[in-house]
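Student: This is the structure I have questions about; it appears just below.
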Amino acid sequence: MDKCKKTVVVGVTGGIAVYKALDVISKLKKKNFDIHVVMTKSAMEFVTPLTFQTISQNIVNSDMFSEPRAWEIQHISLAKKADLMLIVPATANIIGKVASGIADDLLSTTIMATKSPVVFAPAMNTNMYNNPIVQQNIDKLSKLGYEFIKPDSGRLACGDIGDGKLPDTSFISGIIESMLYDKKDLKGKNVLVTAGPTLACIDPVRYITNKSSGKMGYCIAEEARDRGAKVTLISGPTKLPIPFGINHIGVNTNREMLNAVLDNFDSQDIVVKAAAVADYKPKVYSDIKIKKSEDELSLNFVKDTDILKRLGEIKTKQILVGFAAESNDLIKNAEGKLKRKNLDYIVANNITAVDTGFASDDNKVTVLSKTGEKLDLLKMSKRQLARKLFDIIDLA
């Protein structure tokens, strides 16, 4: 979080995944959230309140009838303080209580009293999770506006294998951070982002590609998601995890990316073409593996489709953003591409820089607009750059 500190009230219930809640809280604290923990009596059988107090750096609340430390009604005070409530792990018991309107301890009364978003992260035995009663309770609460983080499938503490495993703590903390992101100016907007490299196939086992890691495009997609947009990410092959809450479409070739972009283009408000698409492809594709025979192998290449230029020709209401990865004459080449491809903005970066660009977590770019503005952005993380980019884009 870059701006004002947000408050998350974390409800911890009695399940073996309690220890993972500590890591969720630790990750949220590192993002500068103010964390207040409410533990049920069952949760305290697994981990002591002192442990949560140490990690959250706030007094842990557990007993609704304990003597107050200040003149306030605990569950009302916590309910009002929360910008969001996270129940992790959420047992079948707490889900059932809330679904039935039962408020008989500090956590359930706080959930009932809050007007903030409430997010449940269920974790339990797979048979319990799949029990029709539990599923009905989850469905009922979902329809009432409560959020649920779907559990993973895997080996559970009891030895069973199936649904009910608490997801990775980074995944959970990422969802909370996204929900409480300080900018929501893209809410109601559709944003399409392309990322990664494409492959130009030579034969069934060989292809040419480039060094694009996809990091810049993925950061742009995540920034758009966190600002409230409905995001479609069309990506060539990368080693990056697929971001949550995003419509991810995996492609390999220029043709596949072109088709995926055209299929989704009409409904978009903003399109950011951050992918490093192969400009050329072999003139002749060999259906069988080319055998090693001579000392030299010659291939003829032909120009492949310029996807960005095609979009510039057919765009109507879309704001179209391109990237110019250049090794020389950076601004001159970027200005030419901006005009030639009918773009609204172009992000120019020098691919010869040793500390930014391909595979790096950082970037340093110049953003040019069709109206003549030019903004130099000094070295920063690619996520920070994504934030700056959407700050620059004029939605008017």
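The values are calculated or read from the model by the stated rules, or taken from the named source; none is laboratory data. None of these values were measured; they are calculated from a predicted model. Cβ atoms come from the backbone with ideal geometry, glycine included; neighbour counts cover every protein chain shown.
Student: Given the conditions (1) under 15 Å from residue 220 (Cβ atoms); (2) part of a strand (DSSP E or B), and given that residue 375 satisfies all but one, which numbered condition is not satisfied?
Tutor: Among (1) under 15 Å from residue 220 (Cβ atoms); (2) part of a strand (DSSP E or B), residue 375 violates only (1).
Student: Right, residue 311: surrounded by 20 or more Cβ atoms within 10 Å (Cβ to Cβ), modelled with pLDDT of 95 or more and either under 17 Å from the mean Cα position of the chain (by Cα) or of a type in the set (S, T, N, Q) (or both) or not?
Tutor: Here the answer is no, as residue 311 does not meet what is asked.
Student: Please find, among 203, 185, the residue that is assigned to a loop (DSSP other than H, G, I, E, B), in the same structural domain as residue 255 (by TED's automatic domain parsing) and surrounded by fewer than 17 Cβ atoms within 10 Å (Cβ to Cβ).
Tutor: 203
Student: Scan the range 5-35 for residues that are hydrophobic (A, V, I, L, M, F, W, C) and assigned to a strand (DSSP E or B) and report the count.
Tutor: Count: 5.
Student: Can you name every residue in the range 316-348 that is assigned to a strand (DSSP E or B) and touching a Ser or Thr at 6+ places or on another chain (Cβ under 7 Å)?
Tutor: Residues satisfying the conditions are 345, 348.
Student: Let me ask you something else. Just give me the residues in the range 330-379 being under 29 Å from the mean Cα position of the chain (by Cα), under 24 Å from residue 315 (Cβ atoms) and of a type in the set (S, T, N, Q), in sequence order.
Tutor: 349, 366, 369
Student: Report the residue count in the range 133-182 for those that are more than 16 Å from residue 244 (Cα to Cα), surrounded by 15 or more Cβ atoms within 10 Å (Cβ to Cβ) and either aromatic (Phe, Trp, Tyr) or without any contact (Cβ under 8 Å) to a residue 12 or more places away in the chain (or both).
Tutor: Within the range 133-182, residues that are more than 16 Å from residue 244 (Cα to Cα), surrounded by 15 or more Cβ atoms within 10 Å (Cβ to Cβ) and either aromatic (Phe, Trp, Tyr) or without any contact (Cβ under 8 Å) to a residue 12 or more places away in the chain (or both) number 1.
Student: Still on this structure: Residue pairs, Cβ under 8 Å, 6 or more apart or interchain, first in the range 104-128 and farther than 13 Å from residue 82 by Cβ and touching a residue at least 40 places away in the same chain (Cβ under 8 Å), second among the hydroxyl-bearing types (Ser, Thr, Tyr) and not in a loop (DSSP other than H, G, I, E, B). List them.
Tutor: Correct list of pairs: 122/129.
Student: Only one of (1) within 30 Å of residue 211 (Cβ to Cβ); (2) more than 22 Å from the chain's Cα centre (by Cα) fails for residue 96. Which number is that?
Tutor: Here residue 96 meets the rest and fails (1).
Student: On the basis of being assigned to a helix (DSSP H, G or I), closer than 20 Å to residue 268 by Cβ and not aliphatic (A, V, I, L, M), does residue 383 make the cut?
Tutor: Against the criterion (assigned to a helix (DSSP H, G or I), closer than 20 Å to residue 268 by Cβ and not aliphatic (A, V, I, L, M)), residue 383 does not qualify.
Student: Test of understanding: among 360, 286, 327, which residue is in the same structural domain as residue 212 (by TED's automatic domain parsing) and under 19 Å from residue 386 (Cα atoms)?
Tutor: 360
Student: Now for a separate question. So which residues in the range 74-104 are among the hydroxyl-bearing types (Ser, Thr, Tyr) and under 17 Å from residue 139 (Cα atoms), if there are any at all?
Tutor: If we filter the range 74-104 for residues that are among the hydroxyl-bearing types (Ser, Thr, Tyr), which is where we start, we get 77, 91, 100.
Within the range 74-104, 91, 100 meet the criteria.
Student: Considering only residues that are within 16 Å of residue 135 (Cα to Cα) and touching a Leu at 6+ places or on another chain (Cβ under 9 Å), look in the range 98-118 and name the one that is surrounded by the most Cβ atoms within 10 Å (Cβ to Cβ). Steps first, answer last, please.
Tutor: Filtering the range 98-118 for residues within 16 Å of residue 135 (Cα to Cα) gives 98-100.
Applying the additional criterion that residues be touching a Leu at 6+ places or on another chain (Cβ under 9 Å) yields 98-99.
On the way: 98: 23, 99: 18.
Only one residue tops the list, namely 98.
Student: Name every residue in the range 327-349 that is of a type in the set (Asp, Glu) and surrounded by fewer than 17 Cβ atoms within 10 Å (Cβ to Cβ), in order of residue number. Step through it out loud before you land on a result.
Tutor: Residues of the range 327-349 of a type in the set (Asp, Glu): 329, 335, 344.
Listed by number, the list holds a single entry, 329.
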